[in-house]
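Colleague: One structure, pasted below without further comment.
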Amino acid sequence: MRDGDGIFFDGTTSARQLVSIELADELVRIRDADGMVLTEWLYADIEQKPAPQDVLRLGLRGQRTSARLEIRDPVLAAALDGRAQTVDRTGASDRRARLRISAWVVLATLSLVGIAVFVVPAVAGRLAPYVPASIERKLGDAANVQVRATLDTKKLGDRFTCGREAAEKSGRDALNALVARLSRSADLPTPIDVSVVRSNVPNAFALPGGHIYVFQGLLDKAESPDELAGVIAHEMGHVAHRDSMRSMLQGAGLSLLFGMLLGDFVGGGAVIVAGKTLIESTYSRAVESAADAYGVRLVAATGGDPQALGTILTRIDDKKYTGMHIWVDHPQAEDRARTIRNLALKSAGVTLLDADQWTALKHICAGS
Amino acid sequence: MSVPSVTGVVPRAARDNVSFLGADRDYWRLMLRGALLLMFTLGIYRFWLVTDMRRFQWSNTEVGGDSLEYTGTAFEILIGFLIAIALLVPIYSGFFFAALDLGPLGRIAGVLSFVLLAFLGQFAVYRARRYRLTRTVYRGIRFRQTGSAWRYAVCAMFWWVMIIVTLGLAFPVAQARLERFKMNNTYYGDLAGEFHGEARTLFWRGAPLWLLVVGPMIAGIAYGALRIDWGAAIAAATQDGDDVFARIEGASPGFGAGVVIAILGCIWAILAAMAVYPAFQALVLRWWLAGLRFGPVTTVSRVRTGQIYGIYMRLLGYSVLFSISAGIAGSLATGIYALLAPIMPPLLGEILVTAGLLVSYVVAALAYSTIYQVIVKLGFWRVGANSLELSGTAALDRVKAVGHPSSSIGEGLANALGVGGW
């Protein structure tokens, strides 16, 4: 029985053979022009291959050679379609498969985003304490060089740090006394190194490995030793919680997730940056609140005024922020002050530094 | 449509012809659906999209009456990509820690990583080409590629440096050498590929364009440099004090004019490069297609420069059309937001504005990229294929199958490193 014509490539040579095709019960029988049987393909093994619109192209599943049978006769193609389950010329099963794949890929994406939001910060937090102190020191030293190079805009070099000149020595001693007092009550994983630097920005921050920078601009705004102690204690909170190590690990994890797996399409760059910034700033706001709580408790433990941190925060940031809050990595100063008040810790009335020491500390950058 | 039954003779015209049958409309549908899914999957869908695109392009390209077939699958590329990531992460971490080193290692880490990644990129380009060739089936037989990807990467790096150093003059030699490397290692079954394009031919055809672009720039810079009294200018520049430019101009009159002329030369170079770029692409395409050989099968390409300009005109038209409609949609959305803003809680407003800006940016970027893919990329494929005329095609009937599909790690690496290449 001859059901129709087709073109056959046997997969070993490129010869184009015009063949006659017989649709038997279980298989397709392919004969050459002389009526000799070339091969027989079981319907169950047949696979549909990509082809132009008016061609039905078939191959065999799981073969290393690529024999092909091409059918251009729509009647024959329809008959074959009816018999072989894997063949579907209408493309309906292809569309179903595609829909299923699309659904899975969307689900996979959602799960990866979930990993970025919940798992990466959690894993980073768990891993951070296990990073050896030597590596953290090394990271801190490298960051220290970079940070100094960025902040030291006037190229002061060693003079960038206050308290190195003879006139500043008493200020340095006072700072050391304050830091020693706080350190005694704190339980820190690494020794810390607090420096005041010549920059007018009212700010302070902690680097990995226990480097803490207090800017001259912030010292100028401090009205009591307890306020400064509050700020330093807040930064010591970051050191105690290993926050810089955590955020570094978290950044690496997010870069891997967003930078390599996700976001590799035109316009994806914006999605990466926005996603990373949103996750990091949300996380960072929580970290800042934790450091505030640590700082307040530490100052209370030394017997100083724990509420002073809230006071200096509101003084520095007295403007109401009008931009978008979801992008900001610090909570609002007034919110921070309120949270500190709510902790309701009282001063034990201990004088952290006497009046002479405080005056000396305020002039730690006098040599400039 | 039925096949002529008994006779096995295919008409000559069809035998020597290459043609592209795909309809733009089908490709638009495929690409727009792909863009949408790319957005919702943050790019993960790219493996499926690129597979669909290749299937469309290959299937619709007919050589001597039979169409090509792309047999690669999205899963293969995805697996290759994941393996490539597993290989790259240690390398990236290594560079991260090297950069922390305070010694000389830390200082050269940046340069070192750039060179290594560029090298790996070229390696991946070659391996990805192998993947695509072994996934190309024509008349039941695969293409394949031999040759060391490391050697290719070394050659490619060398020639790219030469192109930059010579301001593009080395481009024809580089192109001819690299293409020869690729094609001499390319086979269709047991039929060996070759590349016969001559660097000299490309050089003399491209020279007028190069002169038009780079000539005035060099002249401008040289003229500017000659007008400046360098000794006096440098002496003035190294003095202390404010307003360096006034001082230099005083010490070396004509300094300002010299700088302006040099800058004008550079602006000319940019504008001229944009204007003649399609003509340049047309002549490279013609030269490349005409240089391809498979055994006795030779090619001639009749790409007209006007066709390439036509493609870019269409690109411009579609982009303007999209920009206008995007502008209208954007103003409408802004208007609606302005009306609703007073009655919305501030946090909701923040989220809406953020999401709105982000989504519009992504939509716009994807739309321009889709337009580019459909109009330019597919346009080049179509024009290139339709322009081909083959001879010696009798040899295509007697090719024997050799070789197996290659691994997809190269394709995955190319994807992870963001290098395309063909």
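Colleague: Please specify each residue of the stretch B:31-45 satisfying the condition of being open to solvent by 10 Å² or more (accessible area, probe 1.4 Å) and either under 12 Å from B:Val363 (Cβ atoms) or within 7 Å of chain A (Cβ to nearest Cβ) (or both).
Modeller: Hits for the stretch B:31-45 are B:Leu32, B:Ala35, B:Leu36, B:Leu37, B:Leu38, B:Met39, B:Phe40, B:Leu42, B:Ile44.
Colleague: Here are A:Ser102, A:Ser93, A:Ser111: which of them is facing chain B (nearest Cβ under 10 Å) and not charged (D, E, K, R)?
Modeller: One residue alone meets the criteria, A:Ser102.
Colleague: Quick one: would you say B:Phe158 is assigned to a helix (DSSP H, G or I) and open to solvent by 20 Å² or more (accessible area, probe 1.4 Å)?
Modeller: yes
Colleague: Also, quick follow-up: Test of understanding: among B:Leu117, B:Leu105, B:Leu133, which residue is within 14 Å of chain A (Cβ to nearest Cβ), under 16 Å from B:Gly410 (Cβ atoms) and open to solvent by 20 Å² or more (accessible area, probe 1.4 Å)?
Modeller: B:Leu117
Colleague: Next question, about the same structure. Take the conditions in contact with a Lys or Arg (Cβ under 8 Å, 6 or more places away or on another chain), more than 9 Å from chain A (Cβ to nearest Cβ) and at pLDDT 90 or above and apply them to B:Gly72. Does it pass?
Modeller: Yes: the conditions hold for B:Gly72.
Colleague: Here's a follow-up. Can you tell me which residues in the stretch B:75-92 are open to solvent by 10 Å² or more (accessible area, probe 1.4 Å) and either touching a strand residue (DSSP E or B) at 6+ places or on another chain (Cβ under 7 Å) or more than 8 Å from chain A (Cβ to nearest Cβ) (or both)?
Modeller: Matches in the stretch B:75-92: B:Phe75, B:Glu76, B:Leu78, B:Ile79, B:Leu82, B:Ile83, B:Ala86, B:Leu87, B:Pro90, B:Ile91, B:Tyr92.
Colleague: Give me the pairs: first residue in the stretch A:181-208 and open to solvent by 30 Å² or more (accessible area, probe 1.4 Å), second residue of a type in the set (Asp, Glu), beta-carbon distance under 7 Å, and six or more apart or on different chains, which are they?
Modeller: A:Phe205/A:Glu235
Colleague: Same structure again: Could you tell me whether A:Asp173 is of a type in the set (D, E, K, R), open to solvent by 30 Å² or more (accessible area, probe 1.4 Å) and within 11 Å of another protein chain (Cβ to nearest Cβ)?
Modeller: no
Colleague: Tally up the residues in the stretch B:172-194 that are open to solvent by 40 Å² or more (accessible area, probe 1.4 Å) and farther than 30 Å from B:Asp397 by Cβ, please.
Modeller: Residues meeting the conditions: 3.
Colleague: What pairs come out if I take residues in the stretch B:27-43 that are over 15 Å from A:Ala103 (Cβ atoms) and pair them with residues that are open to solvent by 50 Å² or more (accessible area, probe 1.4 Å) and not β-branched (Val, Ile, Thr) whose C-beta lies under 7 Å away, six or more apart or interchain?
Modeller: As it stands, the answer is B:Gly43/A:Asp264, since those pairs meet every condition given.
Colleague: Here's another thing I want to ask about it. For residues in the stretch B:46-61 being within 7 Å of another protein chain (Cβ to nearest Cβ) and of a type in the set (D, E, K, R), which is nearest to B:Gly412 (Cα to Cα)?
Modeller: Residue satisfying both the conditions and the ranking: B:Arg46.
Colleague: Assuming A:Leu256 fulfils every condition listed in (1) under 30 Å from A:Ile279 (Cα atoms); (2) surrounded by fewer than 21 Cβ atoms within 10 Å (Cβ to Cβ); (3) of a type outside the set (D, E, K, R); (4) touching a residue at least 40 places away in the same chain (Cβ under 8 Å) apart from one, which condition is it?
Modeller: Of the numbered conditions (1) under 30 Å from A:Ile279 (Cα atoms); (2) surrounded by fewer than 21 Cβ atoms within 10 Å (Cβ to Cβ); (3) of a type outside the set (D, E, K, R); (4) touching a residue at least 40 places away in the same chain (Cβ under 8 Å), the odd one out for A:Leu256 is (4).
Colleague: For the condition open to solvent by 60 Å² or more (accessible area, probe 1.4 Å) and without any contact (Cβ under 8 Å) to a residue 60 or more places away in the chain, what is the one hit in B:Arg205, B:Arg200, B:Arg247?
Modeller: B:Arg200
Colleague: Checking A:Ala142 against (1) within 14 Å of another protein chain (Cβ to nearest Cβ); (2) surrounded by fewer than 19 Cβ atoms within 10 Å (Cβ to Cβ): exactly one of these is not met. Which one?
Modeller: With respect to (1) within 14 Å of another protein chain (Cβ to nearest Cβ); (2) surrounded by fewer than 19 Cβ atoms within 10 Å (Cβ to Cβ), A:Ala142 is out only on (2).
Colleague: Please go through the stretch B:319-347 and give me each residue that is within 14 Å of chain A (Cβ to nearest Cβ), surrounded by fewer than 11 Cβ atoms within 10 Å (Cβ to Cβ) and assigned to a helix (DSSP H, G or I), ordered by number.
Modeller: B:Pro346
Colleague: In the stretch A:27-52, which residue that is part of a loop (DSSP other than H, G, I, E, B) and facing another protein chain (nearest Cβ under 8 Å) is surrounded by the fewest Cβ atoms within 10 Å (Cβ to Cβ)?
Modeller: Step by step, filter the stretch A:27-52, then rank; the result is A:Ala33.
Colleague: Pick from B:Trp28, B:Trp48: which is modelled with pLDDT of 90 or more, surrounded by fewer than 17 Cβ atoms within 10 Å (Cβ to Cβ) and in a helix (DSSP H, G or I)?
Modeller: Going through B:Trp28, B:Trp48 in turn, just one is modelled with pLDDT of 90 or more, surrounded by fewer than 17 Cβ atoms within 10 Å (Cβ to Cβ) and in a helix (DSSP H, G or I): B:Trp28.
Colleague: Do any residues in the stretch A:149-174 that are among the basic types (Lys, Arg) have Cβ atoms under 8 Å from those of residues that are open to solvent by 100 Å² or more (accessible area, probe 1.4 Å), where the two are at least six apart or on different chains, and which pairs are they?
Modeller: A:Arg164/A:Asp158; A:Arg172/A:Arg164
Colleague: Of everything in the stretch A:4-45, what is under 18 Å from A:Pro74 (Cβ atoms) and touching a residue at least 24 places away in the same chain (Cβ under 8 Å)? Give them in sequence order.
Modeller: Matches in the stretch A:4-45: A:Gly4, A:Asp5, A:Gly6, A:Ile7, A:Val19, A:Ile21, A:Leu23, A:Val28.
Colleague: In the stretch A:1-26, what residues are under 20 Å from A:Val55 (Cα atoms), in contact with a helix residue (DSSP H, G or I) (Cβ under 9 Å, 6 or more places away or on another chain) and either in a loop (DSSP other than H, G, I, E, B) or open to solvent by 20 Å² or more (accessible area, probe 1.4 Å) (or both)?
Modeller: Residues satisfying the conditions are A:Asp3, A:Asp5, A:Ser14, A:Ala15, A:Arg16.
The values are calculated or read from the model by the stated rules, or taken from the named source; none is laboratory data. For clarity, every value in this text was computed on a predicted model and none was experimentally measured. Positions of Cβ are backbone-derived with ideal geometry, glycine not excepted, and every protein chain shown enters the neighbour counts. Accessible surface is based on the protein model in full, side chains and every heavy atom, while ligands, DNA and RNA are left aside. Shrake-Rupley method; radii C 1.70, N 1.55, O 1.52, S 1.80 Å.
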